[in-house]
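Enquirer: My questions will all concern the structure given below.
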Amino acid sequence: MISLFVILGVLLAGLVLWLFMQNRSATVECKKTIHAPIQKVFQEVVDFKNAKEWYPWIKYEPKARISLSQKTDAVGSFYQWAGKWIGSGKLTNKNISLHASVEQELEFIKPWKSKSVVRWHFAEEKGQTEVTWAMEWKVPFFLGFLAPKIAKNLEMDLGMGLDFLAMRLDPNFPPYSIKFIGESRTESILSLSMPFHTHVSEISASCQKACVAMESYIEKEKLGLNRFFIRYNKTDTKTMNMEYDVCYAIKHSPKNPLPEGVYLTKIPSFHFVKTLFIGDYKYFNKAWHGAMTFSKMAFKNRIAFQKPGYEFYLTDPIETAPKDYQTEIWLTLKK
C-alpha cells in the first residue's frame, strides 16, 4: 500500500512539473488595412463609447452588462463588462500616443483572474490606415497546455474584431454578421445525400457535382425540394480533410431507383445550437469559429462533438448578392 502511495505521489509530482514547464505566455497579433483616415480609426479605438459595436466578444453575449468611465477616450478611461458566458473583466487605457499607438491593460476577473497587455499601432499611407492589434497574455499554470489552442482562437477573435471595426469606418468593406440564435429543435429530415471525402477547398466543387446528380431527379420525381444542406461527419483539423454529405431535404420518398452515388436517409429529430451567418462565404470560417466559441460558452458539456455539424443554405447564391447570403450553422446537442 505504501508503494502505491509513493507511485501516485511521483506521478502527481511529475504532472505538476509538466504543467509548470508548459509555455503559458504568448503574443497574438493581427493586422488590417482600413480605408479610412488615421484620425478616424484611432479615435474609434481609443474611445470606449463605441466598443460594444465592434468588440468581438460582446457579440457572444449582447446582454452582458457594460459600464464605462465618465471620460471614455483618455488615459485611465475604462471599459468594464460582466456576463454569464463571457465572464467579467476590465480594459483600461494606460498610454496613448496621438494617432500612433495605444497601450491598454486587460484584467480578467472571471472565469479566472489574469492580466494581459493590449497594444494598438496605427500607420497611415495614402489615406488608408494599417491597424495592428496585439495582445500579450498569460494563462494560469494548470491551463498552460491549452495555450496554443487559446492563441489560435484569440487570433480568430481579433481578426473578427478588426473586420467589425472596418465595417464601421469603411462603407466599401463587405459587410457580414454572425447572430447566435441559441437552442432549437428540428423534426426528422428526409433527404437525398451524396457522400464525399475531400479537402475543405473542394467542397464547392462537390456541391456542384451533387446538384447535377440530384436536382433534376428531385424535380422529375416530384419529391418536393425543401432545403439544401451539408452534413459534416468527420474533420481532420490538421489537414482539413473532411468526410461530409451534400444533401437535399425532400418532402416525399422516391419510388424509382436513385441516381448513382446518391442514397436516401432519414435524420432523426434532434436538438441543436443555431447560428445565422449573413454575408460572403469567404468569411465563413469566422462564422464557424464564432458558432463553436458561442456553443462552448453557452452550452458547455452539452455539445455533442462526435455528432455531425450542419450548414443549411437559406438563399440561392445564383439569385442573391454575396453580402446577402444567409446560412445557418447547426451544432448537435446531447440528449
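The values are calculated or read from the model by the stated rules, or taken from the named source; none is laboratory data. Since we're looking at a predicted model, the values are computed, not measured. FYI the Cβ positions are ideal-geometry reconstructions off the backbone, even for glycines, and counts take in every protein chain you see.
Enquirer: Among (1) more than 21 Å from the chain's Cα centre (by Cα); (2) modelled with pLDDT of 95 or more; (3) assigned by TED's automatic domain parsing to the domain that holds Lys286, where does Lys220 come up short?
Expert: Among (1) more than 21 Å from the chain's Cα centre (by Cα); (2) modelled with pLDDT of 95 or more; (3) assigned by TED's automatic domain parsing to the domain that holds Lys286, the lone unmet condition for Lys220 is (2).
Enquirer: Filter the range 183-206 for residues that are of a type in the set (Gly, Ala, Ser) and in contact with a strand residue (DSSP E or B) (Cβ under 7 Å, 6 or more places away or on another chain); which is surrounded by the fewest Cβ atoms within 10 Å (Cβ to Cβ)?
Expert: Going through the qualifying residues, I end up with Ser188.
Enquirer: Taking strands (runs of 3 or more DSSP E) that do not extend beyond the range 36-116, which have at least 1 residues that are among the aliphatic types (A, V, I, L, M), buried (at least 17 other Cβ atoms within 10 Å of the Cβ) and touching a Lys or Arg at 6+ places or on another chain (Cβ under 9 Å)?
Expert: In the range 36-116, the matching strands (runs of 3 or more DSSP E) lie at 101-110.
Enquirer: Are there any pairs with C-beta distances below 6 angstrom linking a residue in the range 64-76 that is in the same structural domain as Phe42 (by TED's automatic domain parsing) to a residue that is in a loop (DSSP other than H, G, I, E, B), with the two at least 6 apart or on different chains, and if so which?
Expert: So the pair list comes out as Ala64/Gly83; Ala64/Ile86; Ser69/Ser77; Lys71/Ser77; Thr72/Asp47; Asp73/Asp47.
Enquirer: Restrict the check to the range 220-232 and report whether at least one residue is in contact (Cβ under 8 Å) with a residue 60 or more places away in the chain and over 28 Å from Lys335 (Cβ atoms).
Expert: Scanning the range 220-232, I find no residue that is in contact (Cβ under 8 Å) with a residue 60 or more places away in the chain and over 28 Å from Lys335 (Cβ atoms), so the answer is no.
Enquirer: What's the total number of residues in the range 236-282 that are among the hydroxyl-bearing types (Ser, Thr, Tyr), modelled with pLDDT under 95 and under 16 Å from the mean Cα position of the chain (by Cα)?
Expert: 2
Enquirer: Would you confirm whether or not the range 250-267 contains a residue that is under 24 Å from Ile86 (Cβ atoms), surrounded by fewer than 19 Cβ atoms within 10 Å (Cβ to Cβ) and out of contact with any Gly (no Cβ under 7 Å at 6 or more places or on another chain)?
Expert: No: zero hits.
Enquirer: Being at pLDDT 95 or above and in contact with a Gly (Cβ under 8 Å, 6 or more places away or on another chain) narrows it down to one of Ile189, Ile178, Ile96, so name that one.
Expert: Just one listed residue meets the conditions, Ile178.
Enquirer: Can you tell me which residues in the range 286-313 are within 24 Å of Ala249 (Cα to Cα), touching a residue at least 24 places away in the same chain (Cβ under 8 Å) and surrounded by fewer than 18 Cβ atoms within 10 Å (Cβ to Cβ)?
Expert: Across the range 286-313, the qualifying residues are Ala304, Lys307, Tyr313.
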